[in-house]
Amino acid sequence: MQSRAVVFTGPRQVEIEEITVGDPGEGQVQTETLVTLMSMGTELICYRAESDPGTHWHGWVRHPFYPGYSAVGRVTRLGSGVEGIAEGDRVFYAGGHRGAANVGMGGGHTVRVPDGVSSEEAAWCKLATIVQTGVRQVEHGMGDTAVIIGLGPLGQLMTQYLRLLGLSEILAIDHLQARLDTATSHGATATFCGSAADAGEFVSDHTDGELADAVYDVTGHPAVFAMALPLARRFGTVMLQGDCPHPSKQHLTFDVLTRQLRVLGTHNEALPPKLARWTAEKQAALYLRYVERGQMQTGDLITHRHKPEEAPEVYARLDADRGNSAGVVFDWQ
């Protein structure tokens, strides 16, 4: 069968092309795509194709490049050996922006969507597992305090996870008040509109002068790492949740040594051995359970809905200014 797909043919060059989708193989299902969600930070880095040599970004983006890894589709055909799924079921899978796909049912990246969860909410599964992985590695205790720098899509998800964990203070920092207002509606206890470089007094005031147990840099901007370090308490943790394409521009401050900070990084759903039982599939299923119960909300994070044919204009607009965008979806129906 033929299907449309979004493809980057070069830096800042986007086209819609026709691709062929063959029969599903063993252990695969064929899906008709309902909706795909953009991962704005990742996809705009790939769109620009600008990164430090030697980074995973530099080796990953090769043209033609097919962006996206957050899709929800309806199963139309079953390959041999597939169990526990039926034609007509909806599934989330880590697939790109395309109208149909053959999807493997193994490896933890494909999960059935419960009836009580919308396709748009389910499309957040990948981002939700990425954020959940970072939060797990910090290993919070009830009553901890945390700072989130950057309230884009990942920062909004993080706010909700930290609320569920029972933190006493969830302090949100961003340049845009609208993002902070959204974070407040989902659990942020206080907000600071401006640069993290100027937020020291704000964090101190809300942590009894101790600073934060954990600081999450969710921006991916190289300058923010050095701003995040002074906001963590002595023996506190700084988690790099945003994946910077230019790590050569990130710099340590004296805080790491003099206040003996723990600096962590997270990537996709990889967890250390003591936490590894939380596979991607289990984390996605937990996110879906939270949504089904009303304990997390992502439908209201969607700010823009587009037809796939609008992709060239969408990427160009977001490259110029993504400030008023959070959840950006392509509707393939």
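The values are calculated or read from the model by the stated rules, or taken from the named source; none is laboratory data. Quick caveat: nothing in here was measured; it's all calculated off a predicted structure. In this analysis, Cβ positions are derived from the backbone assuming ideal geometry, glycine residues included, and neighbour counts consider all displayed protein chains.
Here is a yes/no grid of residues against (1) under 18 Å from the mean Cα position of the chain (by Cα); (2) of a type outside the set (A, V, I, L, M); (3) under 20 Å from GLN137 (Cβ atoms):
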{"site": "ARG179", "(1), (2), (3)": "yes, yes, no"}
{"site": "SER185", "(1), (2), (3)": "no, yes, no"}
{"site": "THR207", "(1), (2), (3)": "no, yes, no"}
{"site": "PHE225", "(1), (2), (3)": "no, yes, yes"}
{"site": "ALA228", "(1), (2), (3)": "no, no, yes"}
{"site": "THR237", "(1), (2), (3)": "no, yes, yes"}
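Scanning the range 130-165 for residues that are outside any helix (DSSP H, G or I) and of a type in the set (Gly, Ala, Ser) turns up GLY141, GLY143, ALA146, GLY150, GLY152.
When the range 279-333 is limited to residues that are over 16 Å from the mean Cα position of the chain (by Cα) and among the aromatic types (Phe, Trp, Tyr), the one that is farthest from SER118 (Cα to Cα) turns out to be TYR315.
Quick one: is THR133 touching a Leu at 6+ places or on another chain (Cβ under 8 Å) and either polar (S, T, N, Q) or touching a residue at least 60 places away in the same chain (Cβ under 8 Å) (or both)? It would help to see each step written out before you state the result.
Values: touching a Leu at 6+ places or on another chain (Cβ under 8 Å): yes; either polar (S, T, N, Q) or touching a residue at least 60 places away in the same chain (Cβ under 8 Å) (or both): yes.
In short, yes.
For the range 159-174, taking the residues that are touching a residue at least 40 places away in the same chain (Cβ under 8 Å) and within 22 Å of ASP205 (Cα to Cα), the one that is surrounded by the most Cβ atoms within 10 Å (Cβ to Cβ) is identified as LEU171. Among the candidates GLY96, GLY108, GLY59, GLY81, the residue that is at pLDDT below 95, over 30 Å from ALA214 (Cβ atoms), part of a loop (DSSP other than H, G, I, E, B) and not aliphatic (A, V, I, L, M) is uniquely GLY81.
For the range 224-242, state whether one or more residues are modelled with pLDDT under 95, among the small types (Gly, Ala, Ser) and either on the phi > 0 side of the Ramachandran plot or in contact with a helix residue (DSSP H, G or I) (Cβ under 7 Å, 6 or more places away or on another chain) (or both). Working first, answer last.
Within the range 224-242, the first condition is being modelled with pLDDT under 95, and the residues that meet it are 242.
Subsequent filtering for residues that are among the small types (Gly, Ala, Ser) retains 242.
Now drop any that are not either on the phi > 0 side of the Ramachandran plot or in contact with a helix residue (DSSP H, G or I) (Cβ under 7 Å, 6 or more places away or on another chain) (or both), which leaves 242.
Scanning the range 224-242 turns up at least one residue that is modelled with pLDDT under 95, among the small types (Gly, Ala, Ser) and either on the phi > 0 side of the Ramachandran plot or in contact with a helix residue (DSSP H, G or I) (Cβ under 7 Å, 6 or more places away or on another chain) (or both).
If you take the residues in the range 311-333 that are assigned to a helix (DSSP H, G or I) and either β-branched (Val, Ile, Thr) or without any contact (Cβ under 8 Å) to a residue 40 or more places away in the chain (or both), which one is surrounded by the most Cβ atoms within 10 Å (Cβ to Cβ)? Give the steps one after another, and end with the answer.
Step one: filter the range 311-333 for residues assigned to a helix (DSSP H, G or I), giving 311-320.
Within this subset, residues satisfying the condition of being either β-branched (Val, Ile, Thr) or without any contact (Cβ under 8 Å) to a residue 40 or more places away in the chain (or both) are 313-314, 317, 320.
Working: GLU313: 11, VAL314: 21, ARG317: 15, ALA320: 7.
Looking at the filtered set, the residue picked out is VAL314.
For the residues LEU164, LEU180, LEU176, LEU151, the requirement of being out of contact with any strand residue (DSSP E or B) (no Cβ under 9 Å at 6 or more places or on another chain) and either aliphatic (A, V, I, L, M) or at pLDDT 95 or above (or both) singles out LEU164. In this structure, PRO308 does not satisfy being crowded, with 18+ Cβ neighbours inside 10 Å, in contact with a Leu (Cβ under 9 Å, 6 or more places away or on another chain) and within 27 Å of ILE45 (Cβ to Cβ).
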